[in-house]
Structures are given as structure tokens and as C-alpha cells.
1. Filter segment 209-222 down to the residues that are over 15 Å from the mean Cα position of the chain (by Cα) and at pLDDT 95 or above and list them by number.
2. State whether one or more residues within segment 160-170 are assigned to a helix (DSSP H, G or I) and of a type in the set (S, T, N, Q).
3. Specify the residue that is farthest from the chain's Cα centre (by Cα); the eligible residues are those in segment 255-275 that are within 15 Å of Ser71 (Cα to Cα) and not in a loop (DSSP other than H, G, I, E, B).
4. Does Arg89 meet the test of being among the basic types (Lys, Arg) and within 21 Å of Pro186 (Cβ to Cβ)?
5. Here are some residues: Val291, Val355. Which one is surrounded by 14 or more Cβ atoms within 10 Å (Cβ to Cβ) and over 32 Å from the mean Cα position of the chain (by Cα)?
6. Scan segment 288-303 and give yes if some residue there is without any contact (Cβ under 8 Å) to a residue 24 or more places away in the chain, among the small types (Gly, Ala, Ser), more than 17 Å from Pro215 (Cα to Cα) and out of contact with any strand residue (DSSP E or B) (no Cβ under 6 Å at 6 or more places or on another chain), otherwise no.
7. For segment 322-345, how many residues are in contact with an Asp or Glu (Cβ under 8 Å, 6 or more places away or on another chain), among the aliphatic types (A, V, I, L, M) and in a strand (DSSP E or B)?
Amino acid sequence: MKNWKQIAVCVVVAAAAFGGWSWYNAGRTGTEATGTPPSAGQNSGARNAPLVMVKPAQKQIVNDKLSAIGSGVALNTVAVMPYSSGTIRQFLVSAGTLVKKGQIIAELDAETEQIAVEKAQVLLKDAEITQKRMATLRASNTATQVQVVAADLALANAKLAVKDAELALSRRSVEAPIAGIVGILPVDAGNYVTSSTTIATIDDRSKLLIDIWVPERFAPQLRIGQAVTAVPTALPGKSFQGQISALDNMIDAASRTMRVRAEITNPSDVLRSGMSFTVTILFPGDQYLAVDPLSIQWDGDGSYVWRIDTDGKAERVAARIIQRNANAVLVESELAEGDVMVTEGVQNVREGGSVTVKGQNTGSAASPKAPATAQANNKQAG
């Protein structure tokens, strides 16, 4: 009984298949008899030309700008210390005072030095009197030549003693060694200080020096006097012009960088030592072709792209990658600016095969004429 049912099912299936085949052939025969043209989707040429998206290659310049962060220091900074120990009698300046070179900024107690000057002056007068007396006695042959020479020597020593005492007295007044701005005073009047005590700092910030570390690939292009632009982190809307003032004599082996010192002007005195800056240096740069990252393909021979020629045919072109950026890949290749690269649909592209660019008539293969046409197609595709 079961065998009979299986045979019946097979007969029914075979009859259904034969009926469907007969209906399909009748439909095709009717279409051919009435001369109805096949639809666009049945066009064999369209089936042989895969649909792709394209983008032209463009030229880009790389290594044309270097930006590095560094800290600025004043053109000159001096920590002022007294020549000798003593008590500060008074300060003649305060924090923020603009001083000139040689201006007195503080005075130490000087009573001992003043006494030494007066004593030296007394001895000088005595030596002068003795020297004159000996000269007179020598004229009358009362004094010997040796006595005259001794009197002259004593006079010379007395003059030197006066100068030494006056120098010690002058050094009780502390002078500014450079012109600049006085910082916050670390000690007050009345404090006892020594020759190793810093009583003030002076910054000459008419210009600032900024040290940056530059990758070694830029080292051959750097030179003294090359223009730079510095933007302070604290003043992002302002930039200051300057130049390279010094180059180190070697590349750091650990970081593969070179130390470069830039000098910028501070005309309005808004910059301070210790500020951080973004320093930018411009270079001529290197020019390469840039292609869309999606166009890069790989195989055993390396990276390549599919280029579409003017006849709408695909051509494989080797493309060595130089640099990857966010929106483009820089390559070294036989490509020319404006050549159209396949970016999507690459899996269906074959060497010498025709393609259909999305956005163009689907019944014909792509025929890129110029970069502008390809860019328009990309816009339509997006």
C-alpha cells in the first residue's frame, strides 16, 4: 500500500513539472512571435558590465608643514645676588618694575665699607704729604733716592687702597646686570643675605626663545633665520612671528629628533617665560597623488588600484603606498592626476572588462572624460 502511494506522488510531481515547462516555452514563443523587445534588465551587455563607484586621483602636498609644542623662556634671565654678605637696607624696585642695565635695585648696610673708604683717604693724604717732602729733601740732597722711591710707592699703594675701599662700598648697592622686568622679590628688606642668596630675578622678555624637537626627516630643510609662527596655548587667537635662531649639532638617537630653538618677538609684552606654544614651520613639501582609501587593493605583488580608461575599460595599476591619511592614501604610481579609480564594486572588476559607473546610464559602460565628470558621478552616487 505504501509503495502505491509513493508512485502516485512521483507521477503528480512529474506532471506539474511538465506543465510548468510547457507554460514557460509558450510564453517565450509568444514573445518572439509578437516581436516584443527584451527588457533593459535582460540586456546581456549590462549583465557583463558590473556596477561600480569611482573617484578621480588628485595631487596633494605632504611634509609641507611642521607643528611642534614647546615652552618659551625669556631672551635673558638673571638671578641677582649681592657681591658680599650683609643686611638689606632697602629695595628700590618692586615686582614688575622695568629696570635699565646698571640701575640700583637694592642697598645693603655699608657702614663698615664707608669707614674703610675714609680711612684709605686719610692714608692717601699722608702718603701725598710724605712724597712731597721727600721730593723737596731730594732736591737739597738731604734725602736719598731710595727714600724718594719708597715715598712714591707708598703713595701709589694708598691710591689703590682708596680705589679698593670705594669699590667695596659701591658693591653694597646691588645693580641690575641687564635691562628687563623684575620678578617677585624672594626676600624682604631687613633680611640677612650672603653672596649666594638670590634677592631678585630679572627677565628680558622683549623676545622669547622656544625649544622644540623636530623629526629627523625635516632636519635637512632647516636653516638659521627660517621663519616660524608661534601660537600661545593661553592665547589661541593670536600668533607671533619669529625665526629659527639655533640648531642642535646632532640627532637624538633615542627619539630620532633634533632640537631646534626659535626666537619670537614680544612687542606688546603679553608673553611670559614658561608659556607653552605651538610652533609652525612651513616647507616646500613633496607632491604625491592621492586616491580614495577604498580603491586600494592587495595581492601577492603588493598594492594596486583599478583605473577606468576613456573607453570604460578597467586597468590594473600598481600603486605603492607612501602615507595613509584620514580621507586619502598617498601613492607612488604611474597614475596621473584626474585618472578615475574604482572605489566600490571592485570585487566584480576584471582586467580589460567594461564597467558601469553608478549615476550614468546603466545600459552603457563607463566612459570617464575628465576629473570633473567623475566627481559629479560621485556626488550622484552619494
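1. none
2. Of all residues in segment 160-170, those assigned to a helix (DSSP H, G or I) come to 160-170.
Now restrict to residues that are of a type in the set (S, T, N, Q): 170.
Yes, some residue in segment 160-170 is assigned to a helix (DSSP H, G or I) and of a type in the set (S, T, N, Q).
3. Thr265
4. Details: among the basic types (Lys, Arg): yes; within 21 Å of Pro186 (Cβ to Cβ): yes.
So Arg89 fits the description; yes.
5. When all the criteria are applied, what remains is Val355.
6. Step one: of segment 288-303, the residues without any contact (Cβ under 8 Å) to a residue 24 or more places away in the chain are 298-302.
In the following step, the residues that additionally are among the small types (Gly, Ala, Ser) were identified as 300, 302.
Then drop every residue that is not more than 17 Å from Pro215 (Cα to Cα), which leaves 300, 302.
If we keep only those that are out of contact with any strand residue (DSSP E or B) (no Cβ under 6 Å at 6 or more places or on another chain) as well, we get 300, 302.
Yes, segment 288-303 has at least one match.
7. 3
Matching residues to (1) surrounded by 15 or more Cβ atoms within 10 Å (Cβ to Cβ); (2) in contact with a helix residue (DSSP H, G or I) (Cβ under 9 Å, 6 or more places away or on another chain); (3) not basic (Lys, Arg):
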{"position": "Thr142", "(1), (2), (3)": "no, yes, yes"}
{"position": "Val146", "(1), (2), (3)": "no, no, yes"}
{"position": "Lys163", "(1), (2), (3)": "no, yes, no"}
{"position": "Asp188", "(1), (2), (3)": "no, no, yes"}
{"position": "Tyr192", "(1), (2), (3)": "no, no, yes"}
{"position": "Thr197", "(1), (2), (3)": "yes, no, yes"}
{"position": "Thr201", "(1), (2), (3)": "yes, no, yes"}
{"position": "Asp211", "(1), (2), (3)": "yes, no, yes"}
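The values are calculated or read from the model by the stated rules, or taken from the named source; none is laboratory data. These figures come from a predicted structure and were not determined experimentally. Cβ coordinates were reconstructed from backbone atoms using ideal geometry, including for glycine residues, and neighbour counts include every protein chain displayed.
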